[in-house]
1. Setting aside same-chain residues fewer than 8 positions from LYS133, which lysines have a Cα under 17 Å from its Cα?
2. Just the number: Rg to Rh for the chain, Cα atoms, Kirkwood Rh, two decimals.
3. On a 0 to 90° scale, report how tilted helix 39-71 is relative to the longest principal axis of the chain, with both axes built from alpha carbons and the result rounded to the nearest 10.
4. Each residue of the stretch 79-92 in turn: what ³J(HN,Hα) in whole Hz from Karplus with 6.51, -1.76, 1.60 and θ = phi - 60°, glycine and Pro shown as x?
Amino acid sequence: MYTWSVFFHLLFVTFWIGGMLFTAAVLVPATRNKLASQRGLLFTELGTRFSRLSWLAFPLLILTGYTALLGRGFTNDAIFSLSFWQSSYGSTLSLKLYFFGAVLILSGIHDFWLGPKAAQLMDDEPTSNQTKKYRKATSWIGRINLLLGLAILYFAVTLVRG
């Protein structure tokens with residue numbers, strides 16, 4: 001159970017963080033010049049697809065993370081005890097989960113409000129100040145989410161390699 005839980009956990013994390021890295025390093029720079037006229041449509045289409053899959057991956061990350069804990073030998077009683085969360089392992093895991101909670105909140109804001117609004121404005125009013133503000137806010141939330149994702153990855157490595 002442990003090996004499969006970790007395998008799928010890593011698969012979902014790879015998809016999620018890899019998608020954010022691809023967006024930041026490849027997609028955004030590619031749309032600055034040659035694809036600028038289709039930027040809103042491109043971000044709407046690709047962003048919507050990535051968002052749907054990410055929101056599918058989030059609960060699966062929780063499930064596979066929990067089953068990995070069980071596979072490592074932690075019992076339900078131990079996981080839900082105060083002493084677990086006060087231990088070094090539990091403290092690191094709690095930081096990882098706090099960061100993940102922040103990702104969920106920021107992803108919701110990005111995916112369901114700012115991102116769609118920015119994409120619509122890029123198509124309707126590409127040069128307006130409002131468009132620039134939404135694009136900038138969306139971009140910053142994406143960057144913060146990527147940094148939070150990398151921090152989560154760091155805490156995950158710390159948990160298994162301590």
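Quick note: the coordinates plus some simple rules give every number you see, no bench work behind them. Given the structure is predicted, the values throughout are model-derived calculations rather than measurements.
1. LYS117
2. Ratio value, two decimals: 1.07.
3. Once rounded, one gets 0 degrees.
4. 4, 9, 9, 5, 5, 4, 6, 8, 6, 4, 4, x, 5, 5
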